[in-house]
Amino acid sequence: MSLAEAMRLSPDAPLRTFSEDEKLPPLPLPSLSHTLERYVDSVRPFVSPKELARTQEIVKKFENGEGKVLDGKLRAKAQSSKNWVEKWWEDKAYLEIRVPLVPFCTMTGESPLDMVWKYGPGCMVKYASLYMYYTLEMWKILRAELLVPTQSADGKTIFSMNQFRRLFNCSRVPLPGKDRLDIHFKPEKEGTCPSHVAVTCNGHIFILDAVDEATGSLLNPLEWERQLQCIVNEAYQTCGQGIPRLSCDDRDTWAKNYERLKFLSGENARNLQLIESAVCLLTLDPESAPQTASEATMLCLAGDYRNVWADKSLHVVFFGNGRCCGLADHTAFDGMISITNSFYTFQSLIETNGEWSGPSSIRPLSAPRILNFVIDSALQEELDNATLRQNVSKRKVIVIREKFPVFGKSFVVKNRIHPDTFVQMALQFTYYRMHKRLAPCYETATTRAFYNGRTETLRPCTSELALWIRAMLDDKRQAEEKVKLLRIAAKKHDDLMREAREGQGCDRHLFGLYCIAEENGMPIPELFQDPSYVKSGGGGNFVLSTSLVGYTPVGGGVGPMCLDGYGIFYNICPDSFTFTISVMRDSVETSASKFFSNLCESFFIMKETLLNSKSEIPPERKAHL
């Protein structure tokens, strides 16, 4: 059985993609004492003894006073909700954010199609046709609920698949103050859902029917190729209106212009509905030919915004030489959802050698429809101003994608270290070597074992890790001692990850306490105004924003959390690590390329230390390595 086939359930299987979602247990709420203990532990590496004593005093006062009251209110809420944090998180982490989605909030990543095809002139339409066929195949699999539900590593726990309902046919809708998420997708048993795809090219927007109305079957790649070539031909007869640019503005400006578009014409309102309900968005950019993964990722995130409808949950971009990237609005789902979709498409292409061997006939198909908007002088001025604003904003974020090809998961596992833990330790070691201080760090931990679960924050920079880093930089320390401290720090990380996945992390609980105070009109507690809270990463101040995005070559990332921070997202493969690293261009402290270079050095140093620790690595293993 191929990997792509292994992702699909048998039609006869009793299990279905979404069948277990309503059976999952509610998201736990940790005890207040546990959360505060974990919080204080996370503060220790970043503050002086005097500052720590002050923070402990504030925490104790909070635990015995207003914290107890707030926690009681939060527990009452949790009693009547299977996921007490779900709406708050979606609202405050996503829908209430007012900055432009691109380049600041949108997830992006390059598909490693060089493992399937050779890039070159004239490849775009053919490659995009095959890619979109398998993307729509995933849509059809989800409609039939035949995608195998994600499970825990030990196979004992089925994860929530709720976010997959928002992968396709989903769009954010701009509103003043707080946006809305509209979900048009339905599994077959729940009813019909739209089957068209929106395609942008040269500032135009087209609607393409991806399913043959007569038979209900998907367009095959040859039919896709004909339809996409028609779009490219028509798109370059004139320059398009570039309406998508409006969606790349700050959210309140876009909300105002969105309402103006709807007000001007019923046709505009229908066009907006077609875009928002589309299965996904495809962009064809025959004029661009990025030569590297970094160039492609950067061009996707900060390229021609005339073709980027930032609100769409899933957006595929093909360049003239056949390179492919994706964009995804983070509101709808977390990174592993889009990674799963991209991996299915990628693996299907790998297994077919990037060639179509199915039916070669092309059915009579309706031509793709171009969407024309009615605009007035005020909206034209907004389009012009949006271009000027975006020429500035799109330069704010720098992103690179680079591979460390020397070793990977296999070497790390042989040394009895979890590969994710190893990478996290390397990130902290690298930051310390570059910046001479520790970095408050956010690592994503999944809580999908619970009802509608998304994520918890793991704070990887522990006191144990700090001791290990200082030992690594001390030439007087022996390799055996360094490795001993490494293993102590690694165990601490593993324990914290286990707790976070079990819903026992501290950050979502603290977030809930903040929200319940705000919701009840109560003063914001002193705990959240303590300088130690910010120094340890609270309030969006995590200097390293990180996540493991799987054990396949398919990956991506998002921008950093703060001005002088890094976004670091990584794929772990048997013999390599691949990183998507983002920084803010205005930062005078950070550099994505320098961080990656230093990270490679950290890997070499850590490997050498493990090899030199005779008590930890048997001689025969050294010879093998």
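Scanning the range 443-462 turns up no residue that is assigned to a helix (DSSP H, G or I) and either over 30 Å from PHE18 (Cβ atoms) or in contact (Cβ under 8 Å) with a residue 60 or more places away in the chain (or both).
The residues of the range 1-15 include none that are touching a helix residue (DSSP H, G or I) at 6+ places or on another chain (Cβ under 9 Å), assigned to a loop (DSSP other than H, G, I, E, B) and among the charged types (D, E, K, R).
The conditions of being at pLDDT below 95 and farther than 25 Å from ASP285 by Cβ are met by SER361. Number of residues in the range 61-84 that are over 18 Å from THR35 (Cα atoms) and in contact (Cβ under 8 Å) with a residue 40 or more places away in the chain equals 2.
Filtered by the rule that a residue be buried (at least 16 other Cβ atoms within 10 Å of the Cβ) and either polar (S, T, N, Q) or touching a His at 6+ places or on another chain (Cβ under 9 Å) (or both), the range 275-299 gives GLU276, SER277, ALA278, VAL279, CYS280, LEU281, LEU282, THR283, SER288, SER294, THR297.
Selection of first residues in the range 410-422 that are assigned to a helix (DSSP H, G or I) and of second residues that are of a type in the set (D, E, K, R) and at pLDDT 95 or above, restricted to Cβ pairs under 8 Å at least 6 apart or on distinct chains, gives the following pairs, ordered by first then second residue: SER410/ASP575; PHE411/LYS607; PRO419/LYS409; THR421/ASP494.
For the range 395-403, does any single residue satisfy the condition of being at pLDDT 95 or above, acidic (Asp, Glu) and either part of a loop (DSSP other than H, G, I, E, B) or out of contact with any Ser or Thr (no Cβ under 9 Å at 6 or more places or on another chain) (or both)? No, there is no match, as no residue in the range 395-403 is at pLDDT 95 or above, acidic (Asp, Glu) and either part of a loop (DSSP other than H, G, I, E, B) or out of contact with any Ser or Thr (no Cβ under 9 Å at 6 or more places or on another chain) (or both).
Tell me, please, whether a residue that is crowded, with 17+ Cβ neighbours inside 10 Å, within 30 Å of PRO28 (Cβ to Cβ) and at pLDDT 95 or above can be found in the range 469-486. Among the residues of the range 469-486, not one is crowded, with 17+ Cβ neighbours inside 10 Å, within 30 Å of PRO28 (Cβ to Cβ) and at pLDDT 95 or above, which makes the answer no. Within the range 567-612, the set of residues being more than 28 Å from MET298 (Cβ to Cβ) and either in contact with a Leu (Cβ under 9 Å, 6 or more places away or on another chain) or crowded, with 21+ Cβ neighbours inside 10 Å (or both) comprises MET606, LYS607, THR609, LEU610, LEU611.
Here is a yes/no grid of residues against (1) within 21 Å of LEU274 (Cβ to Cβ); (2) without any contact (Cβ under 8 Å) to a residue 12 or more places away in the chain; (3) buried (at least 22 other Cβ atoms within 10 Å of the Cβ):
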{"residue": "GLU137", "(1), (2), (3)": "no, no, no"}
{"residue": "ILE141", "(1), (2), (3)": "no, no, no"}
{"residue": "THR150", "(1), (2), (3)": "no, no, no"}
{"residue": "ILE183", "(1), (2), (3)": "yes, no, no"}
{"residue": "PRO194", "(1), (2), (3)": "yes, no, no"}
{"residue": "VAL197", "(1), (2), (3)": "yes, no, yes"}
{"residue": "ILE205", "(1), (2), (3)": "yes, no, yes"}
{"residue": "GLN229", "(1), (2), (3)": "no, no, no"}
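Just one of the numbered conditions (1) closer than 30 Å to TYR39 by Cα; (2) at pLDDT below 95 is not true of TYR451: (2).
One line per residue, one yes/no per condition, for (1) farther than 20 Å from THR446 by Cβ; (2) assigned to a loop (DSSP other than H, G, I, E, B); (3) at pLDDT 95 or above:
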| site | (1), (2), (3) |
| --- | --- |
| LYS491 | yes, no, yes |
| MET497 | no, no, yes |
| ALA517 | yes, no, yes |
| MET522 | yes, yes, yes |
| GLY537 | no, yes, yes |
| ILE568 | no, no, yes |
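The values are calculated or read from the model by the stated rules, or taken from the named source; none is laboratory data. Predicted model, so just to flag it, every value in this text is computed and none were measured. Here Cβ is always computed from backbone atoms with ideal geometry, including for glycine, and neighbour counts include all displayed protein chains.
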